[in-house]
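K.L.:
Sharing a structure with you now.
Readers should treat all values here as calculations from the given coordinates under stated rules, not as data from a laboratory. Quantities reported herein were computed from a predicted structural model and do not represent experimental measurements. Here the Cβ is made from the backbone with ideal geometry for all residues, glycine too, and neighbour counts use every protein chain on show.
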Amino acid sequence: MSATTLRRTPIYESHKRLGARLVDFHGWELPVQYEGILKEHGAVRQRCGLFDVSHMGQVFVDGKDSLAFLQKVNTNDIGRLTPGRAVYSHLPNERGGVVDDVIVSCLAPQRYLVVVNAATADKDFAWFQAHAKGMDVRLANKSDLYGMIALQGPKALSLAAADYPAVAGMKRFCALELDIFGQPSFITTTGYTGEDGLEFIVPGEIASRLWDDLIAKGRSYGLAPCGLGCRDTLRLEAGYLLYGQDIDDEHSSLEAGYGWVVKFDKGEFLGKRLFVEQRDRGLKRRMTGLKLTDKGVPRPGCAVFSGERKLGTLSSATFSPTLGAGIGMGYMDGDAAPGTKLSVELYGRRLAAEAVKLPFYKKG
């Protein structure tokens, strides 16, 4: 795809003014970094950082059967949500794989917002439509109408609460409807960094104004504009999955170590029978984290060995600024318990590593 065909978010011009280095990310021209990945990573862990995530998709669901529909197409129990609450969930297929991982917010009785991944937004919406047939459900894909900004880090809520006081009392996985610059908008206390934070979902026409306003007001908080580079290091330290890389149509939530998002007691949902079979017979492969004990930076696709036996390959891997070491995770055959001695093959060399319990980093 050439640069002239890349999609741009409403905040594109602000990124250029801030000197961002822009790259192609699933057909979007997005910042990979501003002043450097390590600096931006540290800002989020210690203070706060701002991310343009306007490439993410937004699907609104309402109607008499909206809850029944969402229960059918989600592994998590959407029925537990009350208005103003949100939950992380997986969309399962009939083979036990995952169509996407999403955030579902209950805005009001029979009214929901589902935030989907950028690369799968159109696929997800078509999949929703197929499974909504015969149900009293209205689906609206408004991904092109909204911008989305993630404010993340220990000081994120304090910064946001200065202009939006209701944020001060919000716990994690809450959702708020409010006007921002006179436009109906949403704030959810969610994120992809392992820190406290929130995400603004606003009409596209005010997204750049909100971004610039947060950048200006965030200076006294030590806020840094952040790119995709540190978003990846932050999420991997936190053990968060990247759809299409760590989880996909062929890997299940249980194999990925996300069994906590599969609620077997909520009734029927797509693929439930296969999830039950996996749970009862045990897993042949499972997501495993590892940390290098040799110097080096592992990469996705690197083979992982126990002695001379290949266990699997890394789906995600990078240098961890917080740990000061190479880290990675991937699906391994069998059970590599924490502490198990492993090796990672990188450019023809074997680097020593050990299995570790995920996540690599936990706030506090």
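K.L.:
Name the long-range amide H neighbours of Gly326: under 5 Å, sequence gap of 5 or more, or other chain; modelled H, no Pro or chain starts.
P.N.:
Leu292, Gly296, Ser320
K.L.:
Further, regarding this structure: Return the long-range amide H neighbours of Leu346 (sequence gap of 5 or more, or a different chain), with a cut-off of under 5 Å between placed amide H atoms.
P.N.:
Leu351
K.L.:
Another question about this same structure. Report, ordered by chain and residue number, the lysines lying within cross-link reach of Lys217, taken as a straight Cα distance under 16 Å and ignoring same-chain residues fewer than 8 apart.
P.N.:
Lys155
K.L.:
So, R0 is 30 Å and r is the distance between the beta-carbons of Leu38 and Ala303; what FRET efficiency does that work out to, to 0.05? Please list the in-between numbers first.
P.N.:
Numbers: r = 27 Å, r/R0 = 0.92.
FRET efficiency, Leu38 to Ala303: 0.65.
K.L.:
Within 10 Å of each residue's Cβ, count the other Cβ atoms and sort Val276, Val115, Val73 from fewest upward.
P.N.:
Details: Val276 13, Val115 23, Val73 26.
By the 10 Å Cβ count, ascending: Val276, Val115, Val73.
K.L.:
If you plug each phi of the range 74-87 into the Karplus form 6.51 cos²θ - 1.76 cosθ + 1.60 with θ = phi - 60°, what whole-Hz ³J(HN,Hα) values come out, in order, with x for Gly and Pro?
P.N.:
10, 7, 7, 8, 5, x, 7, 6, 9, x, x, 10, 9, 8
K.L.:
Reachable aspartates and glutamates from Lys263, Cα under 12 Å, same-chain residues fewer than 8 places away excluded?
P.N.:
Output for Lys263: Asp77.
K.L.:
What are the extents of the Cα atoms of the range 238-302 along their three principal axes, listed from largest to smallest and rounded to whole Å?
P.N.:
Principal extents (Cα only, largest first): 48, 22, 20 Å.
K.L.:
Can you check what the net charge comes to around Ser320, using other residues whose Cβ is under 9 Å from the Cβ of Ser320 (Lys, Arg +1; Asp, Glu -1)?
P.N.:
0
K.L.:
What would the Debye formula give as log10 I(q)/I(0) at q = 0.15, 0.21 Å⁻¹ for the alpha-carbon point model of the range 194-325, no solvent?
P.N.:
One equal scatterer on each Cα of the range 194-325 leads to -0.95, -1.27.
K.L.:
Suppose R0 equals 25 Å. What FRET efficiency, 1/(1 + (r/R0)^6) with r the Cβ-Cβ distance, do Ala168 and Arg80 give to the nearest 0.05?
P.N.:
Details: r = 25 Å, r/R0 = 0.99.
After rounding, the FRET efficiency stands at 0.50.
K.L.:
I would also like to ask the following. For the pair Ala126 and Lys266, how long in nm is the line joining their label points, each one 7 Å along Cα→Cβ?
P.N.:
The modelled label-to-label distance comes out at 2.6 nm.
K.L.:
Give me the lysines in straight-line cross-link reach of Lys266: C-alpha distance below 23 Å, same-chain residues under 8 apart excluded.
P.N.:
Lys266 reaches Lys64, Lys72, Lys133.
K.L.:
Follow-up. Cα centroid distance between the range 288-364 and the range 113-173, in Å?
P.N.:
Centre-to-centre (Cα) distance: 32 Å.
K.L.:
A further question on this structure: What list do you get for Ser252, Ser66 if you sort them by fewest beta carbons within 10 Å?
P.N.:
Ser66, Ser252
K.L.:
Right, something else. Could you pull the Rg and Dmax for the range 69-143, using just the Cα atoms, both in Å?
P.N.:
Over the range 69-143's Cα set, Rg and Dmax evaluate to 11.7, 32 Å.
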